[in-house]
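Structure, as structure tokens:
The values are calculated or read from the model by the stated rules, or taken from the named source; none is laboratory data. Computed from a predicted structure; not experimentally measured. Please note: Cβ atoms are built from the backbone with ideal geometry, for glycine as well, and neighbour counts cover all protein chains shown.
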Amino acid sequence: MAVLLHNHLPPAPPALSESEWATARWEDDGGNLTEPRPTAQRAHWLRIAAALSARLPEVTGREDILVTCEHGTRSGAPAAFYPTLAQLEIDTALFAPLHPATIRPARPGDEDRYPAAWGAFVHEAAHAAHSHWHTPPELRGTALDEAGQILEESRAERAHLHRRPGDRRYLRTAVRTLILNDFASAALADRWQAALAAGLLLARRDAGILDPDETQTLENTLTGILGPDLLQTLADIWTAAHATGDRDVAAMMAHARAWCQALSADPTGTPPPPPRQVTVWASWPKPSARWSARSRRTRPPRPQPKPKSPPPAQPVHKSRPTRPHRRGRRRRPPRRSSTPTGAPSRPTASATAATVRR
């Protein structure tokens with residue numbers, strides 16, 4: 001997750017999904033767009049997003065930003081801000097384990113129940129208020145672009161704390177939950193990744209968001225990887241970036257170029273990839289020489305298993321011949337009389353009527 005956090009300020013929105021393209025084509029052809037009725041949880045998240053949108057002007061000073069709460073963001077980060085759309089998105093997983101029915105952002109002070117989620121919200125609000133410079137289009141996706149994004153993280157938060165110093169505890173909780181724990185458990189053997197950890201955590205310590213004792217262990221680890229001189233050079237770069245204005249593109253690009261030169265990285269090239277993770281298959285032994293193609297041809301054939309003998313034949317039982325089926329309706333047997341033999345029969349109704357007529 002930590003690798004994605006510095007890439008949550010994309011200059012353009014992500015590409016539309018296939019379902020979104022289908023909806024756009026249907027609307028363009030004059031089709032009727034029927035909104036499905038939201039479920040109970042979906043209705044709660046819509047209410048929470050509307051409440052966050054209503055509280056955003058007091059945090060950013062802007063009234064044109066729309067907040068959305070979804071199960072997973074389009075950028076892949078826990079939260080993201082899209083400058084071209086004026087849209088801020090936040091992952092609903094940050095509010096766990098609270099039920100959405102109990103979350104009331106419209107009430108001041110309710111954010112104390114979910115400080116990590118509110119800290120991510122405040123961080124994106126800091127970008128909305130202070131990140132007014134962007135990498136030139138021809139340099140996007142380069143090491144220079146990534147270095148500038150790393151430096152912008154702590155710079156925007158430091159500028160935000162000058163306006164709202166009370167938001168420090170929320171930013172600190174979000175950084176500890178979403179970034180510090182990841183880097184504490186990761187193996188930082190690559191110089192670029194070690195510099196990334198320094199730019200995201202040690203720079204926040206110098207910006208007044210993290211305490212010095214929280215980053216002491218990480219600083220010792222990074223000093224062993226980068227060396228004290230290189231780490232001090234990077235610290236001088238992010239300190240200069242903290243003093244840069246919100247719209248000074250040239251100065252931020254100069255700081256990003258100095259970052260790349262300190263790490264001996266090509267500014268116009270792609271950023272170095274993260275270190276490859278060790279998997280279970282990497283610990284398997286390599287094939288020995290006896291399994292080569294030549295030895296496989298000279299190897300004696302493997303003994304074939306003996307064919308199994310067929311099962312003994314089962315005795316054949318002769319079945320009794322069946323009667324041919326007679327077609328037609330089966331004749332019912334004659335009905336037996338209930339009167340005993342030799343007893344006088346009971347007169348019928350017709351015989352009784354004939355006797356009366358006589």
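Observations on the structure shown:
- All positions within region 108-119 that are part of a loop (DSSP other than H, G, I, E, B) and either touching a residue at least 60 places away in the same chain (Cβ under 8 Å) or under 23 Å from the mean Cα position of the chain (by Cα) (or both): Tyr114
Listed here are the residues, each with its yes/no results for (1) of a type in the set (A, V, I, L, M); (2) under 18 Å from the mean Cα position of the chain (by Cα).
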{"residue": "Tyr82", "(1), (2)": "no, no"}
{"residue": "Phe95", "(1), (2)": "no, yes"}
{"residue": "Thr102", "(1), (2)": "no, no"}
{"residue": "Ala106", "(1), (2)": "yes, no"}
{"residue": "Phe121", "(1), (2)": "no, yes"}
{"residue": "Ala128", "(1), (2)": "yes, no"}
{"residue": "His134", "(1), (2)": "no, no"}
{"residue": "Leu139", "(1), (2)": "yes, no"}
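- Screening His160 against (1) more than 16 Å from Ala116 (Cβ to Cβ); (2) in contact with a Lys or Arg (Cβ under 7 Å, 6 or more places away or on another chain) leaves a single unmet condition, (2).
- Every residue from region 136-168 that is farther than 30 Å from Asp266 by Cα and either without any contact (Cβ under 8 Å) to a residue 24 or more places away in the chain or part of a loop (DSSP other than H, G, I, E, B) (or both): His162, Arg164, Pro165, Gly166
- If only residues of region 223-257 that are free of Cβ contacts under 8 Å to residues at least 24 places away in the same chain and within 17 Å of Leu200 (Cα to Cα) are counted, the one that is surrounded by the fewest Cβ atoms within 10 Å (Cβ to Cβ) is Ala243.
- Residue among Arg140, Arg168, Arg205 that alone is modelled with pLDDT of 95 or more, under 24 Å from Ile65 (Cβ atoms) and of a type in the set (D, E, K, R): Arg168
- Members of region 259-277 that are surrounded by fewer than 19 Cβ atoms within 10 Å (Cβ to Cβ) and either touching a strand residue (DSSP E or B) at 6+ places or on another chain (Cβ under 6 Å) or in a helix (DSSP H, G or I) (or both): Gln261
- Scan of region 199-218 for residues that are of a type in the set (D, E, K, R) and surrounded by fewer than 16 Cβ atoms within 10 Å (Cβ to Cβ), ordered by number: Asp211, Asp213
- When Leu210, Leu201, Leu196, Leu171 are screened for being more than 18 Å from Gly119 (Cα to Cα) and either under 27 Å from the mean Cα position of the chain (by Cα) or part of a loop (DSSP other than H, G, I, E, B) (or both), only Leu196 passes.
- Apart from one condition, Leu180 fits all of (1) touching a residue at least 40 places away in the same chain (Cβ under 8 Å); (2) closer than 16 Å to Ala203 by Cα; the exception is (1).
- Leading residue by the ranking (farthest from His255 (Cα to Cα)) among those in region 93-113 that are buried (at least 20 other Cβ atoms within 10 Å of the Cβ) and of a type outside the set (A, V, I, L, M, F, W, C): Pro105
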